[in-house]
Amino acid sequence: MSFFLDNWTLFAIAIASGGMLLWPALGGAARGGGLNPNEVVQLMNREKAQVIDVCSADEFAAGHVVGARHIPLDELESRLPQVVKNKALPVVMVCASGARSGRAVAVARKLGYDKAQSLAGGMGAWRAASLPVEKA
C-alpha cells in the first residue's frame, strides 16, 4: 500500500494518458461521429448506403459524390422520406465542409433514420482523399 502512496503521481499520469488515448473514440461516439471518406466508400459498397448532398444547388452543380442525391438542407425534412424509403439502410449526409451535414443528421434521425451519419470534413475531405467527383 505504501508503494501506491509513494508513487501516486505516476498513477495519475498513467490514468491521464489513458484517458487522452480514449478521448477521440469516446468523443466520436458521443456526437454521432463523422465518417472519413474511406468509411463512406465502404458503406456505399458493402451496405448500399445512400448519399444525400444537403448543399445549395450551385454547390451541388460544382461537384458532388458520385451517385449522391441532392436535397437542400431546408427541404430535407419534407423530401427525405420520398427519396430514401428504406429507413434501415445507412444514409450519409454530405455538404461542403461538414457543418450542415451535422444538422442534417439530426433531422434524419428525428425522422427515424437511425443509421444516418455525416461525412466529416464534407466535400473538402472527399476531394482531399482524391475520390471521384461528379458534376451536374
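Taking each residue of the range 46-73 that is outside the structural domain of CYS95 (by TED's automatic domain parsing) and looking for partners that are assigned to a helix (DSSP H, G or I) with beta-carbon atoms closer than 7 Å, six or more apart or interchain, yields nothing. For the range 84-107, filtered to residues that are crowded, with 16+ Cβ neighbours inside 10 Å and without any contact (Cβ under 8 Å) to a residue 40 or more places away in the chain, the residue that is nearest to ASP74 (Cα to Cα) is VAL107.
On inspection, GLY67 fails the criterion of being farther than 21 Å from GLU134 by Cβ and either in a loop (DSSP other than H, G, I, E, B) or not aromatic (Phe, Trp, Tyr) (or both). The set of residues from the range 108-133 being in contact with a Gly (Cβ under 6 Å, 6 or more places away or on another chain) and either more than 17 Å from CYS55 (Cβ to Cβ) or crowded, with 17+ Cβ neighbours inside 10 Å (or both) comprises SER118, ALA120, GLY121, GLY122.
The values are calculated or read from the model by the stated rules, or taken from the named source; none is laboratory data. Only a predicted model underlies this, so the values are computations on that prediction, with no experimental measurement involved. Here the Cβ is made from the backbone with ideal geometry for all residues, glycine too, and neighbour counts use every protein chain on show.
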